[in-house]
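Beneath this line is the structure, given in structure tokens, with notes to follow.
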Amino acid sequence: MNFVNSLSIEEQLSLAREKYPEIFEEAGKKRLQEPKTLPPLPNSDKYSIIKTRFAPNPDFYIHLGNARPALLSYEYAREYRGKFILRFEDTDPRTKRPMPEAYRAIKEDLKWLGISWDEEYVQSLRMEIYYQVAKELISKGGAYVDLCKRDDFRRYKLERRGCPHRDQSPEKSLELFDRMLSGHFGEGEAVVRVKTDLTSPDPSLIDWVAFRIIDTSKYPHPLTGSKYVVWPTYNFAAGVDDKLMGVTHILRGKEHALNTLKQLYVYKALGWEYPEVINLGRLKLEGMILSKSKIKETLRRSRGAISIDDPRFGTISSLRRRGILPEVIKEIIMEVGVKGTDATISWENIASLNRKKIDPVTPRLMAVFNPVKLVVRDVPKDPNIRQLRLPYHPTTQSLGFRLIDVGSEDVVEVLISREDLDILSKDGALRLLEFCNISLEKLSDSIAEARFIGTDLDQARRKGLKIVHWVPARQCIRLELLKPEGLKLKILRGLGEKSLLEFPPGKVVQLIRVGFTKLEKISKESRKVRLLYMHD
RNA sequence: GCCGCGGUAGUAUAGCUCGGCCAAGUAUGCGGGCCUUUCGAGCCCGUGACCCGGGUUCAAAUCCCGGCCGCGGCACCA
């Protein structure tokens, strides 16, 4: 061995090749691409049926970051032939007030992502269950009702001492709990605390709050109104539900890492076993807003001018509007994988995946921005030349074709973009895509004139002519293209083929040499369309 | 302040558990070529990374220690 390492790499390789040729054959073979698969779940054989869950707070719409735990949880449940649960965590009617339409919107977004669920729960409808468990926990000495002022408790905690209520009997706490339930206490006057290790180095862990009082006459819950005033905190409700619902594997954002430790105290006190936990890193979407609070603020500031599916947001509805296929989102999330590292998803990557999928089935049309008029002389008055029948896609025949008639006048007027006119003036000639080759005759501020020199594509190739898109001046429509650029939303105005009017709203079309776009609004009467720019 | 997690090309990821198949794979991006009536797609070629410093070892992306950087959490939000 020592001898081997004293050789150069080349010498080592050739020596090894001589002695063990089979190793090298193996290595050459496994270069093939493998599809991305999920790593196995920890301790999956411990459970007879694998159960995962996605537990959003319906205080807002979900975004790409939420799609990570949702999609992975769902995929795992499927792979292990287990069950997947959807659970709405809406136990804070005060600071995270549920948004009534969010329950529905989240389900819609999940369905669009291809996610279906076997069970559905709403926590605010399970209050009696939490009360029940709380009573059990208190009787077992795992929790107590604390009447301390918030600041007083903090002092006890920082000194690593229990507050006076900590040692009161379970009976006393149960009695106080009943008084909480009956509405005897106001906000901040009483809480249920879970007994934890007082010596924990992390003070936030110590005797955390499991229930607090929320005055629902002031902050009614959208589903239960003012019926309840004692509300479980996230850690209590989620922890208890995961056990009660038989969840075996929890996939959630790493911001919950500490919560696992908190909930463990409840589990220990009740003799439960904690599910397997996988903490996931956060997702960012390059150049887009994902943060709930930022989206809300932007929405508020726009005063109704923009909506939740604004293309600058990373919400699921925005990606859907942007024409991104759900399977692309799925692929990206599978690619990012099951781990605690944060990832910044690049828009280029999403666009590339999406493009490859839609390209073969997307009609291609022409539209011109920065249009300038170009007069073409000497175009033969041959219907074969002047009446064009153009396929929507060069290889996908089934997409059909459209007719472009450039008219029968002596001169043909077309519009090309300002940038392409520069090409014409520089090269002296170019090819109008699918139409004819032209050479420049006259160019001034007010007029651009060219001459027909043939329809032959091979001629254009031989001459190295650039091929540019165009629209006929006599029959074109106005269009507006909404294009997100960073955090700005630009509106580009241009002219396009009239056959754009024939598509239904929501149709994705490729504007040749511009990019993929989605038709959002079509007005046949005013001969105008509005498109949303998707990606190159 | 305290606690936790993580660091492989511009971006994302494979490899790290069990050190040698890694002169580090793949996708995207970028550069070039071919093909193609788009600046799209396809095909081919190229570009570019193991956070830093020590240690262990014949051998370290992989194990150990220290540092640096990033991210997350923190007390009646979820």
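In table form, for the structure just shown:
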read-out	value
Distance between modelled label sites at A:Ser169 and A:Glu189, nm, 7 Å Cα→Cβ extension	2.4
Rounded tilt (10° steps) of A:100-112 against the dominant C-alpha axis of chain A	60
Rh by Kirkwood over Cα pairs, then Stokes-Einstein D for the stretch A:465-530 at 1.306 mPa s and 10 °C, µm²/s	125
Calculated FRET value between A:Trp272 and A:Glu79, using beta carbons and R₀ = 25 Å, to 0.05	0.45
Calculated FRET efficiency for the pair A:Ser307/A:Arg389, C-beta based, R₀ 45 Å, to 0.05	0.65
Partner lysines for A:Lys426 [C-alpha distance under 18 Å; skip if fewer than 8 residues away on the same chain]	A:Lys373, A:Lys442, A:Lys463, A:Lys466
Largest-first ordering by accessible area, 1.4 Å probe, given options A:Ser291, A:Ser446	A:Ser446, A:Ser291
Modelled FRET efficiency - R0 22 Å, A:Ser291 with A:Lys488, Cβ distances, 0.05 increments	0.75
The stretch A:267-287 residues near the modelled A:Asn43 label - backbone nitrogen below 19 Å, point 7 Å along Cα→Cβ	A:267-280
Amide hydrogen neighbours beyond the local backbone of A:Ala473, cut-off 5 Å, H modeled	A:Glu413, A:Val414, A:Leu415
Candidate lysines for bridging to A:Lys172, where Cα separation is under 19 Å - those fewer than 8 sequence places away on the same chain excluded	A:Lys135, A:Lys140, A:Lys149, A:Lys195
Derived scalar couplings ³J(HN,Hα) [the stretch A:516-533; Karplus, 6.51 cos²θ - 1.76 cosθ + 1.60; whole Hz; x for Gly, Pro]	7, 9, 10, 6, 9, 9, 10, 10, 5, 5, 8, 6, 8, 10, 10, 10, 10, 6
Radius 12 Å from Cβ of A:Ile438, net charge of other residues (Lys, Arg +1; Asp, Glu -1)	0
Net charge contributed by nearby residues that have their C-beta within less than 9 Å of A:Val229 (K/R +1, D/E -1)	-1
Debye intensity ratio I(q)/I(0), log10, the stretch A:283-359, q values 0.16 Å⁻¹ (C-alpha model)	-0.63
In Hz, Karplus ³J(HN,Hα) per residue of the stretch A:375-380 (6.51, -1.76, 1.60; θ = phi - 60°; x = Gly, Pro)	9, 10, 9, 6, 6, x
Set of lysines near A:Lys296 by C-alpha distance (under 28 Å), chain-local residues within fewer than 8 positions excluded	A:Lys96, A:Lys107, A:Lys111, A:Lys218, A:Lys254, A:Lys284, A:Lys330, A:Lys483, A:Lys488, A:Lys490, A:Lys518, A:Lys521
The stretch A:44-280 - convex hull of the alpha-carbon atoms, volume per residue in Å³	121
Cβ-defined net charge surrounding A:Thr455, 11 Å radius [Lys, Arg +1; Asp, Glu -1]	-2
Long-range amide H partners of A:Val229 with built H, under 5 Å	none
Scattering curve values for chain A, log₁₀ I(q)/I(0), Debye with Cα scatterers, q = 0.11, 0.13 Å⁻¹	-1.01, -1.22
Accessible-area value, A:Tyr265, 1.4 Å probe, nucleic acids and ligands omitted, Å²	50
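The values are calculated or read from the model by the stated rules, or taken from the named source; none is laboratory data. Computed from a prediction, not measured in an experiment: that's the story for all the values here. Here Cβ is always computed from backbone atoms with ideal geometry, including for glycine, and neighbour counts include all displayed protein chains. These area figures cover heavy atoms from the full protein model, side chains too; ligands, DNA and RNA do not enter into them. Shrake-Rupley method; radii C 1.70, N 1.55, O 1.52, S 1.80 Å.
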